[in-house]
Amino acid sequence: MTYTAWIILTGVLVGVTCGMTGALLILRRMAMIADAISHTVLLGIVGAFFVTQSLNGIPMLIGAAIVGMLTAFFVQLLDSSGVQSGAAIGVVFTSLFALGVVLLSFIGDSVHLDVQHALMGEIAFVPWDTLILGGKEAGPVAVWMLSGVFLLNLAIILIFYKEFKISTFDPQMAISIGVPVVFIHYLLMSMVSFSTVASFDSVGAILVVAMLIVPGATAYLLTDRFGLMIILSAVIGAVSALLGYGFAVVMDVSIAGSMATATGFLFGLAFFFSPSHGLIAKWVRRKNMQKNLNEEARVS
Amino acid sequence: MNSLIEFLSNPNTQWVLTGSILLGFASGLIGSFVLLKKQSLIGDAMAHATLPGVCIAYIISGVKSTPLFLTGAALTGLLATYFIQAIVKHSRIKTDASIGVVLSVFFGIGIVLLTYITKNMGGNQSGLDDFIFGQAASMVRGDIQTIAVGSFLIILFTSLFFKEFKIAVFDPNYAKGLGIPVGLINSILMALVIGVVVVGIQMVGVVLIAALLITPPLAARYWTDRLGLMSFISGIIGALSGVVGTTVSTIGEGLPTGPLIVLVTSALFLLSLLFGKSKGLITRFFISKGVRHT
């Protein structure tokens, strides 16, 4: 495969993986917890580096999952002790993220891990960092990691589809019929952490937020069906990645930034033109209703 | 110890420290109102959204000018808050998702513009990079004076209208009855929040400035229930964080200022959470024990 193809594949995998997880987050009103986790995961990655002294994928996933869970746990803790949830999220993520950044600045220049990289990622370097299997090059490490997390997320969603659906739309009912609601909550949090870590190398810790939140919100404007929304969100994530890549190449700017901008562009389209929940469709419906009312008034 | 005294007697350092104290106090003070209005995360989105504004100001003018940067930052920050409200009002998207969408897209646009400037407008953009995490060391005297004067004005303004703010935030209907223009007061508060964010991004950075609005008042809540005292304590916590964080950042070369300031704030929050006089966990534990004994 060519250099460009690997980059595009990486982008699309980020879009799909984050997109389908994001749909669940939007429905459960947890967009900002996802924002928090994708910031704090940096601490997990830096922590894993300090423990293992290498940039190995597996310890990083574990570190990220731990910090991701801790973030969700701390937010929950503050929340239940009476702190309003927005402020609880704000305190937890800024603290852990700041700690991550400060620790990061202690790591020397020799290591391929710095603040700039952590924030924006550098998808353009992805194809050079290949996995060596039995002496042969077997594709970029990032693609392997993303594919793994994608399959894992897909498996989790398929296996727990019903549980996710019930606990999202009717938590009371879910508890009463014995769905492990807390387990499902932390399962989703670990999906978010995994997606963030796998995407970290290519789009950076902060811009992964765009892929987690915006495609899901866009899909929410397009459909009312749970399953369809997850699929749409994944597709929108992939399309944003493609559009963003094209724009970045033409304008010679940050690929990750362009992808985030592209998610915003698609969201804007859905906001105005969605056939079911768009601004224009709503306006037309209101006008029609007024017309009907007027006609009825005339007839009678 | 001698080097610390030498460090503190340097006039440049004195300016930096004065700036950080005033900025910390201003953000803690305004933050109490942000907390009461449950707008903590809107502050975060606003802060991220200032990045494209700074870049656009540079692209249009082609010069590094702090007043222009801050104007650009204020405009896109305002635009972002407007978008958040418009999305919630005109679609089925809830507030938290709306904040997330606006925050990440604005920041993405900011990164795109930043790389555009690097590639097309030459090398002297290094100053713009510092807006992401803040770098007290790279600020010139003029920048610090902007921070100090801006923060001072915000503190002065808030103190003068404290009573009006308090009534308008706590009981808007009562305030209307008293003839206080609640709508206007809310707009002024919003303007002051943007003011703190814009003034502070050079020192603390767009990614973490929101922490200075969110954490100090939250910590202050554990010491008192009275708004006046709470805002004051919040201001003190902010000022303390500013001065300690900046000092450590200046002594330890290359350590980013913003994250250090935020870490100090977080530590103070943790202390308050545990030992706070009115609601701290340990305090509460002893009180509940005392109750059981009697």
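A few notes on this one:
- The one condition from (1) more than 21 Å from B:I87 (Cα to Cα); (2) surrounded by fewer than 23 Cβ atoms within 10 Å (Cβ to Cβ) that A:D224 does not meet is (1).
- For the range B:226-261, a tally of residues being more than 20 Å from B:I154 (Cβ to Cβ) and of a type in the set (S, T, Y) returns 3.
- Some residue of the range B:27-43 being within 9 Å of another protein chain (Cβ to nearest Cβ) and more than 25 Å from B:E164 (Cα to Cα): no
- B:G235 fulfils the conditions (1) more than 16 Å from A:V91 (Cα to Cα); (2) at pLDDT below 95; (3) crowded, with 24+ Cβ neighbours inside 10 Å except for a single criterion, (2).
- Selection within the range B:129-152 - farther than 23 Å from B:I111 by Cβ and without any contact (Cβ under 8 Å) to a residue 40 or more places away in the chain: B:V140, B:V149
- Criterion: surrounded by 18 or more Cβ atoms within 10 Å (Cβ to Cβ), assigned to a helix (DSSP H, G or I) and away from every other protein chain (no Cβ under 12 Å) - qualifying residue of B:G242, B:G258: B:G242
- Search result, residues across the range B:202-239 that are of a type in the set (A, V, I, L, M, F, W, C), within 15 Å of the chain's Cα centre (by Cα), more than 9 Å from every other protein chain (Cβ to nearest Cβ) and in a loop (DSSP other than H, G, I, E, B): B:V206
- Of the residues in the range A:268-281, at least one is surrounded by fewer than 24 Cβ atoms within 10 Å (Cβ to Cβ), in contact with a Phe, Trp or Tyr (Cβ under 7 Å, 6 or more places away or on another chain) and of a type in the set (G, A, S).
- In the set (1) within 12 Å of another protein chain (Cβ to nearest Cβ); (2) more than 14 Å from the chain's Cα centre (by Cα); (3) surrounded by 22 or more Cβ atoms within 10 Å (Cβ to Cβ), the condition left unmet by B:L270 is number (3).
- Test: residue in the range A:230-246 that is under 22 Å from A:A5 (Cβ atoms) and free of Cβ contacts under 8 Å to residues at least 60 places away in the same chain: yes
- Which numbered condition B:L70 fails, given (1) modelled with pLDDT of 95 or more; (2) away from chain A (no Cβ under 14 Å): (1)
- So B:G110, is it more than 20 Å from B:T13 (Cα to Cα), in contact (Cβ under 8 Å) with a residue 24 or more places away in the chain and either crowded, with 21+ Cβ neighbours inside 10 Å or within 11 Å of chain A (Cβ to nearest Cβ) (or both): yes
- Selection from the range B:75-107 of residues that are β-branched (V, I, T) and free of Cβ contacts under 8 Å to residues at least 60 places away in the same chain: B:T76, B:I84, B:I87, B:V88, B:I93, B:T95, B:I99, B:V101, B:V102, B:V105
- Just one of the listed residues (A:S167, A:S147) is at pLDDT 85 or above, buried (at least 18 other Cβ atoms within 10 Å of the Cβ) and in a helix (DSSP H, G or I), and it is A:S167.
- Answer residue from the range A:271-300, given it is assigned to a helix (DSSP H, G or I) and facing chain B (nearest Cβ under 9 Å) and is nearest to A:I7 (Cα to Cα) among those: A:F271
- Pairs are defined by a Cβ separation below 7 Å, a sequence spacing of at least 6 or placement on different chains, a first member in the range A:79-96 that is facing chain B (nearest Cβ under 7 Å) and assigned to a helix (DSSP H, G or I), and a second member that is surrounded by 24 or more Cβ atoms within 10 Å (Cβ to Cβ) and among the acidic types (D, E); the pairs so defined are A:G90/B:D44.
- Residues that are β-branched (V, I, T) and either at pLDDT below 90 or over 17 Å from B:I214 (Cα atoms) (or both) occur in the range A:70-83; there is at least one.
- Flag for A:S233 being at pLDDT 90 or above, more than 11 Å from chain B (Cβ to nearest Cβ) and part of a helix (DSSP H, G or I): yes
- Verdict on B:S91 being surrounded by fewer than 24 Cβ atoms within 10 Å (Cβ to Cβ) and over 30 Å from A:D224 (Cβ atoms): no
- Among the residues listed as B:A148, B:A97, B:A80, the single one being part of a helix (DSSP H, G or I), among the aliphatic types (A, V, I, L, M) and at the interface with chain A (Cβ under 8 Å from one of its Cβ atoms): B:A97
The values are calculated or read from the model by the stated rules, or taken from the named source; none is laboratory data. In this text, all values refer to a predicted model and were calculated from it rather than measured experimentally. Every residue, glycine among them, receives a Cβ derived from its backbone with ideal geometry; neighbour counts consider all protein chains shown.
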